[in-house]
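K.L.:
Below are the structure tokens for one structure; questions will follow.
The values are calculated or read from the model by the stated rules, or taken from the named source; none is laboratory data. The structure displayed is predicted, hence computed values, not measured ones. Every residue, glycine as well, gets a Cβ built from its backbone with ideal geometry; the counts of neighbours run over all protein chains shown. Areas reflect the complete protein model, heavy atoms only, side chains present, ligands, DNA and RNA absent. Shrake-Rupley method; radii C 1.70, N 1.55, O 1.52, S 1.80 Å.
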Amino acid sequence: DRITAEREFLAGLGAGCMAPVGAHASVKGGVLTLEGWVAALDGSQVIRATTSGDVSECAELGAELAADTLGQGAQALVDAAHAQIA
């Protein structure tokens, strides 16, 4: 469940393995909390977000968190990372 949430977050960003993106999920009492971040390669900007819900909604929570960070401008950071690495 935790891994599913984390993977959905990364997939929702289209980040791949080279972009500075992180996710951490934890479960306590049937509630999954997912924290995610996206950063500029030089660390000059970091977007952070958190969501939580029933553990049975792990994929939806990952997608929701990706949408949240994208709404805060994460796509530009992911694109810039891909451009610099390629």
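K.L.:
For the chain, take the longest principal axis of its alpha carbons; what is the angle in degrees between that and the long axis of helix 58-71, to the nearest 10 within 0 to 90?
P.N.:
40
K.L.:
With bins 5 Å wide starting at 0, give me the P(r) of the chain over every alpha carbon pair, in whole percents.
P.N.:
Bin by bin from 0 Å, the calculated values are 3, 18, 29, 22, 14, 9, 4, 1, 0.
K.L.:
What's the angle, to the nearest 10 degrees (0 to 90), between helix 74-85's Cα axis and the longest principal axis of the chain?
P.N.:
The answer is roughly 50 degrees.
K.L.:
Follow-up question, since we're still on this one. With a sphere of radius 14 Å drawn around the Cβ of LEU70, what net charge do the other residues whose Cβ falls strictly inside it have (Lys, Arg +1; Asp, Glu -1)?
P.N.:
Its environment carries a net charge of -3.
K.L.:
Expressed as a whole percentage, what fraction of the accessible surface of the chain belongs to carbon and sulfur atoms when a 1.4 Å probe is rolled over the protein heavy atoms?
P.N.:
51
K.L.:
For the chain, take the longest principal axis of its alpha carbons; what is the angle in degrees between that and the long axis of helix 2-13, to the nearest 10 within 0 to 90?
P.N.:
40
K.L.:
Among GLY71, LEU61, GLY36, whose Cα lies farthest out toward the positive end of the dipole of the chain, if unit charges sit on the beta carbon of Lys, Arg (+1) and Asp, Glu (-1)?
P.N.:
Of GLY71, LEU61, GLY36, it is GLY36.
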